[in-house]
């Protein structure tokens, strides 16, 4: 975790503000990590945000099915 | 064929645009829209949360959706349209559910107890850490212990008490960030930034001391 630390990282609030957009890009087969790299980086570092993201994807996939 | 098409769509709710959702959920909200959104959220949350809920999944999801709907209605005017409205609403419901589960799971954990226990055993844990899973030879073991002692010294010198408490709870004990934030009287975002500052300090100090963070402390 220490070695992955960047000088500038977004916090949980900024990640949350963009998470729905990030998830939708993912489900559309686009590349959210390129469009929103700071969100991707935060998800790699924050276990709670990553858990919420994974649950959100699961929920959206279930609704779309 | 045409009749079949008409029949198959007869029971399907018309899809709403983002504008429809916002308009119909803006006070006074339409009961029919709330009901429709509730169905969507329940359908999504059950498979998303089932692995975290020990029992009474249906009731837990119903309660979560009820609380989430209140938040969604409260902040519907903040939806900016970057996604489907239902994606945004689902995000709020997912956080509601997971937050509740985390708080319930850790409701009996006190950070003060962790600190008290760590005062007795924490340094031993650090001293017993090894860089790899393999048993090192005596020379390597001595070298590793020296580095670990230097790391402990860096932690003592570089981090504030708050940063030590937060990093200990989050990284050594795996307690969720919002639970730690609650107990430290702060919020999740501020705590993330506090820990980010701590990680930066540690990274800079490790580099300054010539210790490669790649070589060790992957778990910190």
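Overview of results
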read-out	value
Where residue B:59 falls short, out of the listed (1) farther than 17 Å from residue B:26 by Cα; (2) surrounded by fewer than 16 Cβ atoms within 10 Å (Cβ to Cβ); (3) within 20 Å of the chain's Cα centre (by Cα)	(3)
Tabulated pairs, region A:5-18, first more than 19 Å from residue B:94 (Cβ to Cβ), second part of a loop (DSSP other than H, G, I, E, B), C-beta under 7 angstrom, 6+ apart or interchain	none
Residue match in region B:187-208 (condition: surrounded by fewer than 18 Cβ atoms within 10 Å (Cβ to Cβ), more than 12 Å from chain A (Cβ to nearest Cβ) and in contact with a helix residue (DSSP H, G or I) (Cβ under 8 Å, 6 or more places away or on another chain))	no
Single unsatisfied condition, residue B:114 versus (1) away from chain A (no Cβ under 14 Å); (2) buried (at least 17 other Cβ atoms within 10 Å of the Cβ); (3) not in a helix (DSSP H, G or I)	(3)
Qualifying helices (runs of 4 or more DSSP H) (wholly inside chain A; at least 2 residues being over 17 Å from residue B:41 (Cβ atoms), under 13 Å from the mean Cα position of the chain (by Cα) and at the interface with another protein chain (Cβ under 9 Å from one of its Cβ atoms))	A:12-27, A:37-45, A:47-64
Qualifying position, being outside any helix (DSSP H, G or I) and at pLDDT 85 or above, among B:133, B:108	B:108
Counted residues, region B:73-105 - those being more than 12 Å from chain A (Cβ to nearest Cβ) and either outside any helix (DSSP H, G or I) or under 30 Å from residue B:21 (Cα atoms) (or both)	5
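The values are calculated or read from the model by the stated rules, or taken from the named source; none is laboratory data. Nothing here was measured: the structure is a model prediction, and the numbers come from that model. For neighbour counting, all protein chains shown are included, and Cβ atoms are generated from backbone atoms with ideal geometry for every residue, glycine included.
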